[in-house]
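Notes follow once the structure below has been shown.
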Amino acid sequence: MKRRHLILSCLSISAGSFAQEAATPSAEREPSDIQRVVAAKNVCAWPNLTLMKDGSIVAVLHNQPAHGLMEGDVECWASKDGTEWEKRSVITQHEPETIRMNHAAGLARNGDLIVLCSGWTNVKQPERPKQEPFRDAVLSNWIMRSSDGGRTWTKNTTFPGTDAGWSHYIPFGDIWVGEDGALHTSCYRGKLTSPERSFKIGNYESWHFRGDDDGHTWKAISIIGPKHNETDIFPLGGKRWMAAARVDAMELFTSDDNGATWIGPQRVTEKNEINGHLMRLKDDRLLLTYGVRVQGRRGVKAKLSSDDGKTWSEPVRVMRSDEGDCGYPSSVQRVDGKIVTAYYSRKAPEHDGYHMGVAIWAPPAGERK
């Protein structure tokens with residue numbers, strides 16, 4: 001098994017993540033109308049999609065073919081409909097012996113594209129011995145902002161610090177404008193077991209973050225998941241929010257007070273079906289896409305809910321991966337109703353090697369489990 005402390009990385013490769021347990025494939029639904037494309041090669045990606053106001057789609061992705069083990073950055077790619085993609089920019093310019101990789105993204109109230117981005121350093125920290133490559137400490141977030149659709153960027157390095165014995169906050173998922181006018185997103189952090197000896201993590205917690213000045217500055221508001229890491233939040237309307245949080249599966253939390261408090265968890269996937277993304281379709285159903293790292297079922301699946309997450313459909317197969325090193329889907333819906341889901345895989349039927357894949361598919365007609 002990989003050493004436990006590697007799990008803190010947003011995309012770290014632990015034995016639990018890439019489960020080799022037996023799984024008996026059952027008959028799976030697949031969309032009747034689906035197209036899959038290889039959007040970007042030689043990237044581990046972990047993409048985040050944003051639907052721009054002009055209908056185009058922007059993907060924020062990590063630009064190296066590894067799980068945070070070499071210097072690298074996040075980039076901005078764009079497509080008019082999800083079928084063809086072009087790189088618009090390198091969003092971050094990492095410092096020597098560091099990597100910028102973990103990210104959250106979305107639109108500000110004024111239409112700017114915002115990216116929160118942390119990462120890792122390979123520089124020995126004064127309080128402990130040198131760790132494995134690029135696992136000496138988590139870097140604090142940079143707030144990246146673009147007013148031209150992701151072509152050029154400004155950087156703000158002011159972000160809330162953490163407490164003694166904890167990692168810096170690591171962003172994940174979408175950034176949303178709430179009906180209260182504030183921006184909302186999620187970050188998580190890890191509690192070090194022995195900070196003076198190693199960066200081994202004993203526990204995680206995911207937090208709701210809020211920006212009251214259109215995302216120029218941020219503050220931590222509340223704990224969403226007390227033992228959870230990567231968490232994607234979604235506005236349900238009014239003061240209501242939902243969060244899909246990762247443990248050994250995906251668990252849902254809800255808030256009725258703009259994220260001041262959270263209720264849950266509601267387990268919504270099986271073990272090692274992880275890293276989920278939430279969105280609402282034009283027909284008002286919720287869509288949850290998530291990675292599957294179980295032998296015989298690897299890839300990306302989706303579930304739909306017609307009652308704001310109280311019940312969910314049977315899963316729909318979005319893509320298949322030949323290896324468990326896969327997942328991290330993010331989805332948007334085009335004006336024609338088709339869903340565009342981006343994901344990553346180390347090896348899939350469409351490409352042998354790390355890549356960002358994209359599935360363009362029609363959601364099944366409204367059904368409930």
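The values are calculated or read from the model by the stated rules, or taken from the named source; none is laboratory data. Values in this document were obtained by computation on a predicted structure and should not be read as measured data. Glycine gets a Cβ as well: all are built from the backbone with ideal geometry, and neighbour counts include every protein chain shown. Only protein heavy atoms, including side chains, enter the accessible area calculation; ligands, DNA and RNA are left aside. Shrake-Rupley method; radii C 1.70, N 1.55, O 1.52, S 1.80 Å.
Residues being open to solvent by 30 Å² or more (accessible area, probe 1.4 Å) and either among the hydrophobic types (A, V, I, L, M, F, W, C) or part of a loop (DSSP other than H, G, I, E, B) (or both): count how many of those fall in the stretch 140-163.
So the answer is 11.
Can you list residue pairs whose Cβ atoms sit under 8 Å apart, with the first residue in the stretch 36-50 being surrounded by fewer than 16 Cβ atoms within 10 Å (Cβ to Cβ) and the second being of a type in the set (Gly, Ala, Ser) and assigned to a strand (DSSP E or B)? Count only pairs 6 or more apart in sequence or on different chains.
38/357; 41/353; 42/353
Listed here are the residues, each with its yes/no results for (1) of a type in the set (Gly, Ala, Ser); (2) surrounded by fewer than 23 Cβ atoms within 10 Å (Cβ to Cβ); (3) assigned to a strand (DSSP E or B).
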{"site": "84", "(1), (2), (3)": "no, yes, no"}
{"site": "99", "(1), (2), (3)": "no, no, yes"}
{"site": "104", "(1), (2), (3)": "yes, no, yes"}
{"site": "111", "(1), (2), (3)": "yes, yes, no"}
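Which members of the stretch 329-338 meet the condition of being more than 18 Å from residue 275 (Cα to Cα) and assigned to a strand (DSSP E or B)? Write out each step before concluding.
Restricting attention to the stretch 329-338, the residues satisfying the condition of being more than 18 Å from residue 275 (Cα to Cα) are 333-338.
Of everything in the stretch 329-338, just one residue is more than 18 Å from residue 275 (Cα to Cα) and assigned to a strand (DSSP E or B), namely 333.
If residue 90 passes every condition in (1) over 20 Å from residue 340 (Cβ atoms); (2) open to solvent by less than 40 Å² (accessible area, probe 1.4 Å) but one, which one does it miss?
(2)
Which members of the stretch 164-176 meet the condition of being crowded, with 19+ Cβ neighbours inside 10 Å and either acidic (Asp, Glu) or in a strand (DSSP E or B) (or both)?
Listed by number, the residues that qualify are 170, 171, 172, 173, 174, 175.
Touching a helix residue (DSSP H, G or I) at 6+ places or on another chain (Cβ under 9 Å) and open to solvent by less than 50 Å² (accessible area, probe 1.4 Å), is that true of residue 128?
no
Test residue 335 against the stated conditions and say whether it is closer than 19 Å to residue 81 by Cβ, touching a residue at least 60 places away in the same chain (Cβ under 8 Å) and buried (at least 24 other Cβ atoms within 10 Å of the Cβ).
In short, no.
Kindly provide the set of residues from the stretch 167-202 that are more than 20 Å from residue 234 (Cβ to Cβ), touching a residue at least 24 places away in the same chain (Cβ under 8 Å) and in contact with a Gly (Cβ under 7 Å, 6 or more places away or on another chain), ordered by number.
Those that are more than 20 Å from residue 234 (Cβ to Cβ), touching a residue at least 24 places away in the same chain (Cβ under 8 Å) and in contact with a Gly (Cβ under 7 Å, 6 or more places away or on another chain): 167, 191, 192, 195, 201.
Regarding residue 362, is this residue open to solvent by less than 60 Å² (accessible area, probe 1.4 Å) and closer than 18 Å to residue 55 by Cβ?
Against the criterion (open to solvent by less than 60 Å² (accessible area, probe 1.4 Å) and closer than 18 Å to residue 55 by Cβ), residue 362 qualifies.
Looking at the stretch 113-128 only, could you name the residues that are out of contact with any Lys or Arg (no Cβ under 7 Å at 6 or more places or on another chain) and outside any strand (DSSP E or B)?
The answer is 122, 123, 125, 126, 127.
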